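*Asks:* Sharing a structure below in structure tokens format, with a few things to ask.
The values are calculated or read from the model by the stated rules, or taken from the named source; none is laboratory data. Keep in mind that this is a model prediction, so the values were computed, not measured. Note: ideal-geometry Cβ built from the backbone for every residue, glycine included; neighbour counts use all protein chains shown. Quick note on the areas: whole protein, heavy atoms, side chains included, nothing else; ligands and nucleic acids left out. Shrake-Rupley method; radii C 1.70, N 1.55, O 1.52, S 1.80 Å.
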Amino acid sequence: MASSAETRVQAQGEVDIAAAAALMADPSRAAVLMELTDGRALPPSELAEVAGVSRSTMSEHLAKLQRAGFLAVETGGRNRYYRLAGPEVAAAVEALAALAPRSEVRSLRQANRAGALGAARTCYGHLAGALGVGITDAMVARGLVEREGEVFLLTEPGAAFLVDLGIEKPPRAGKSCNDWSERRPHLAGKLGVALTKRLFELDWIERTERRRAVRVTKVGRRELGRRLAI
């Protein structure tokens, strides 16, 4: 006789990938998920602007994504702010983005935004784009991290390098995340987040007027060039 736990597992059935994919297949909901991959929490009004739909339509999309476990909501006074439910959602969105075809650019604004995101952006707290991949490649080349499968391990020289940057207790490992714009891996996970946070604190990188995009500052270009030759 099957145990109650086995009965519950059998009653649940297999995972329904199609249902999750269908939620992400809608262009407006996909735009919301992509916009939130940098870990921020945004109000419905901003997300409606990003997706190009009305506030009421966006409310329906957000309710569906929240019920499915894709989004979490935060309250601040009378306002509600939506963010991704966790890093696993961001990883799923980035994984699909790496497989997806590139959309046709129809305006100069779209071209500028795509170029900025491709150059450097944040993805749930870590750096992505050409800058994220470039820093990762430089750290591997200098023996600061070693890749083992889907993990980047921090070496002793790497730990010393990060301590010198001001990260007192650097994480010992980070994840490998396939960059959708570069089609190559960049450093993610706790190690990638710690490094990115420190680069912001040092003012080597800064956010731009374009959502999610970041840029290297003048001092950042000098220091990254001196320390990592990028």
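*Asks:* Are there any GluC sites (Glu not before Pro) in region 179-227 that are in a DSSP loop and have at most 12 other Cβ atoms within 10 Å? List them by number.
*Replies:* E209
*Asks:* On a 0 to 90° scale, report how tilted helix 189-201 is relative to the longest principal axis of the chain, with both axes built from alpha carbons and the result rounded to the nearest 10.
*Replies:* With both axes taken from Cα atoms, the answer is about 60 degrees.
*Asks:* If you line up the long axis of helix 87-99 against the longest principal axis of the chain, both from Cα atoms, how many degrees apart are they, to the nearest 10?
*Replies:* Between helix and principal axis, roughly 80 degrees.
*Asks:* Leaving ligands, DNA and RNA out of it, work out the accessible area of L127 with a 1.4 Å probe and give it in Å² to the nearest 10.
*Replies:* Its heavy atoms expose roughly 10 Å² to the probe.
*Asks:* About the Cα centre of region 100-230, how large is the charge dipole given +1 on each Lys and Arg Cβ and -1 on each Asp and Glu Cβ? Please answer in debye to the nearest 20.
*Replies:* 580
*Asks:* Using the Cβ atoms and a cut-off under 13 Å, what net charge is assigned to the surroundings of R198, where Lys and Arg are +1 and Asp and Glu are -1?
*Replies:* Computed value for this residue: -1.
*Asks:* Let me ask something else. Express in % the proportion of alpha carbon pairs of the chain at distances exceeding 31 Å.
*Replies:* 30
*Asks:* List the trypsin sites (Lys or Arg not before Pro) within region 154-230 that DSSP assigns to loop and that have no more than 10 neighbouring Cβ atoms inside 10 Å.
*Replies:* Listed in order of number, the matching sites are R183.
*Asks:* Along the positive direction of the dipole of region 116-157 (beta-carbon charges: Lys, Arg +1; Asp, Glu -1; about the Cα centre), which of P157, T136, A119 reaches farthest?
*Replies:* Result: A119, furthest along the dipole toward the positive end.
*Asks:* Mind checking the per residue accessible area of region 1-132 for me, 1.4 Å probe, whole number of Å²?
*Replies:* Result: 58 Å² per residue.
*Asks:* Gain in length, T155 to A95, computed as 0.36 nm per residue apart minus the alpha-carbon separation, to one decimal in nm?
*Replies:* That pair, T155 and A95, stretches by 18.9 nm at full extension.
*Asks:* Would you mind checking the tilt of helix 55-67 against the longest principal axis of the Cα atoms of the chain, expressed as 0 to 90 degrees and rounded to 10?
*Replies:* The helix 55-67 is inclined about 90 degrees to the chain.
*Asks:* Any idea what the alpha-carbon Rg over 2.2 N^0.38 Å comes to for region 110-221?
*Replies:* 1.01
*Asks:* OK, next. Quick one: net charge around L23, please, counting Lys, Arg +1 and Asp, Glu -1 for every other residue with C-beta under 11 Å from its C-beta.
*Replies:* +1
*Asks:* Using the C-alpha atoms of region 1-134, what convex hull volume per residue, in cubic angstrom, is computed?
*Replies:* 157
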